[in-house]
Amino acid sequence: MVVIADITVPADTFPLGRVLDDYPAVEIELERIVPLREAIVPLFWIAGAESGVIETSLLEHSKTETVEILTTKDDKTLFEVHWSSDINGLIQALIDTQAKILEASGTAETWDFRLRFPSHEQLSSFNMALTDEGIPITLRHIYNPSMPEGESPLSSEQRETLRLAYREGYFEIPRRTTQTRLADDIGISDSALSQRIRRGVNILIEQSLFADDQPET
C-alpha cells in the first residue's frame, strides 16, 4: 500500500545541505535522484548565488565526482552532480527503500522532504535505517489514501501513551525520560508500557496516525 510521508532532517545529514553552510541565502530545490551502477546522480535547482561559486562548493565534497550545469532559467540554475556510489546515510536509505522524492527543499538548518514509499514497511525500513545511522528524523505527516478521514488506527491507551512519551522526550536523542518513569506515571508495568509503545509505533508506521485523504499542497 503506497504511503506518502513528510519528513525533516538536519541539513548537515544531506550532502546538498552542506552547500548552505557556506551560502545560507541559497535556495535549493531537488528535482530527483537517479541511482546508477557506478554513481548516484541528483538533479537540483539553485538560486541565490552565482553558478560558478556553487559549482566550486559542490566539487569540494569528498563524494562528488563531477558537476555539470544543465540550464539556467529565471535566475535559477539546474545542476547535475555525480556522487560516488558508496555514499551512505540518507541517500542510501532513499535508494534502498525505493522512496520517490515528490518535493524537497532546504535551508541552512533543515531539509524538508515529501516522499512516496511503495508500502508502510518500506517507510518503516527507511526510518530504522536513519536511526541506525544516527540521523535525527522528524516525521511530520503520513498520508494514507485508504484510511477514512478522521479515523485513527490507535486505541485510546496507545494514543495517550505515545503522546505522553513524546511530550516527556522519550523519543529524543538522548532520551529525557525512561520507560520506568513513564510506566509509573501511567500506572502500568515497564513491560506493558514497552509493548504498548512498540505496538503503537508499529501501527503508526503501517497505518498512520495523521492520515489524510490527500497530501497538503
I'd like the full set of residues that are among the β-branched types (Val, Ile, Thr) and either out of contact with any helix residue (DSSP H, G or I) (no Cβ under 7 Å at 6 or more places or on another chain) or part of a strand (DSSP E or B) (or both), limited to the range 20-46. Ile28, Ile33, Val34, Ile40, Val41, Ile46
Would you check if there is a residue in the range 47-59 being assigned to a strand (DSSP E or B), touching an Asp or Glu at 6+ places or on another chain (Cβ under 9 Å) and without any contact (Cβ under 8 Å) to a residue 40 or more places away in the chain? yes
Filter the range 1-18 for residues that are closer than 13 Å to Leu115 by Cβ and either aliphatic (A, V, I, L, M) or assigned to a helix (DSSP H, G or I) (or both); the one that is modelled with the lowest pLDDT is Val2
Just to be sure I understand, how many residues within the range 77-94 are of a type outside the set (Asp, Glu) and exposed (fewer than 15 other Cβ atoms within 10 Å of the Cβ)? 2
Does Thr71 count as farther than 26 Å from Gly134 by Cα and either surrounded by fewer than 16 Cβ atoms within 10 Å (Cβ to Cβ) or not assigned by TED's automatic domain parsing to the domain that holds Ile135 (or both)? yes
Any residue at all in the range 109-123 that's farther than 18 Å from Val3 by Cα and either out of contact with any Phe, Trp or Tyr (no Cβ under 6 Å at 6 or more places or on another chain) or free of Cβ contacts under 8 Å to residues at least 60 places away in the same chain (or both)? yes
Determine whether the range 9-28 contains at least one residue that is of a type in the set (Phe, Trp, Tyr), in contact with an Asp or Glu (Cβ under 6 Å, 6 or more places away or on another chain) and surrounded by 12 or more Cβ atoms within 10 Å (Cβ to Cβ). no
Determine, yes or no, whether Lys63 is charged (D, E, K, R), under 18 Å from Gly106 (Cβ atoms), at pLDDT below 85 and surrounded by 12 or more Cβ atoms within 10 Å (Cβ to Cβ). yes
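The values are calculated or read from the model by the stated rules, or taken from the named source; none is laboratory data. Worth saying up front: this structure is predicted, and the values here are computed from it rather than measured. Every residue, glycine as well, gets a Cβ built from its backbone with ideal geometry; the counts of neighbours run over all protein chains shown.
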